[in-house]
Amino acid sequence: MLEAARNSTEFHKKLWAESIKEARETAEKDMDVEFIDDIDKTPFIEKTKPLVEQYRKDYKEVDELLTTIEKVRSK
């Protein structure tokens, strides 16, 4: 059962990636959309740091979620 779930997840990831690729191509070609993937997020992160810290203090759930995200990203 666990193996079937893993296989299903991998299959879904592949289909999702293909779907995203097709949607981007359609948006670029038919809607004249330009995607910018290579951006420096550092200035935004620095400017919003006080806001994020305030939310962490005011909302325990936000702090827990951001802590979990930070742990996953650091792996």
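Quick notes
- Sum of -39500 (n - 2.57) over DSSP H runs of 4+, divided by residues of the chain (222 nm, nearest 500): -28000 deg cm²/dmol
- Protein accessible area in the chain, 1.4 Å probe - carbon and sulfur %: 57 percent
- Our note on the geometry: Cα centres of region 9-35 and region 42-59, 31 Å apart.
- Shape category assigned to the chain from the gyration tensor of Cα positions, a/c cut at 1.5: oblate
- Each other residue within a Cβ distance under 14 Å of Asp40 adds +1 if Lys or Arg and -1 if Asp or Glu, for a net charge of -1.
- Total charge dipole magnitude, region 24-75, about the Cα centre, Cβ charges on Lys, Arg, Asp, Glu only, Debye to nearest 20: 480 debye
The values are calculated or read from the model by the stated rules, or taken from the named source; none is laboratory data. Since this is a predicted model, take the numbers as computed values, not measurements. Don't worry about glycine lacking a Cβ; one is built from the backbone with ideal geometry, like all the others, and counts go over all protein chains shown. Ligands, DNA and RNA are stripped out before the accessible areas are found, and what is left, the full protein with its side chains, is counted by its heavy atoms. Shrake-Rupley method; radii C 1.70, N 1.55, O 1.52, S 1.80 Å.
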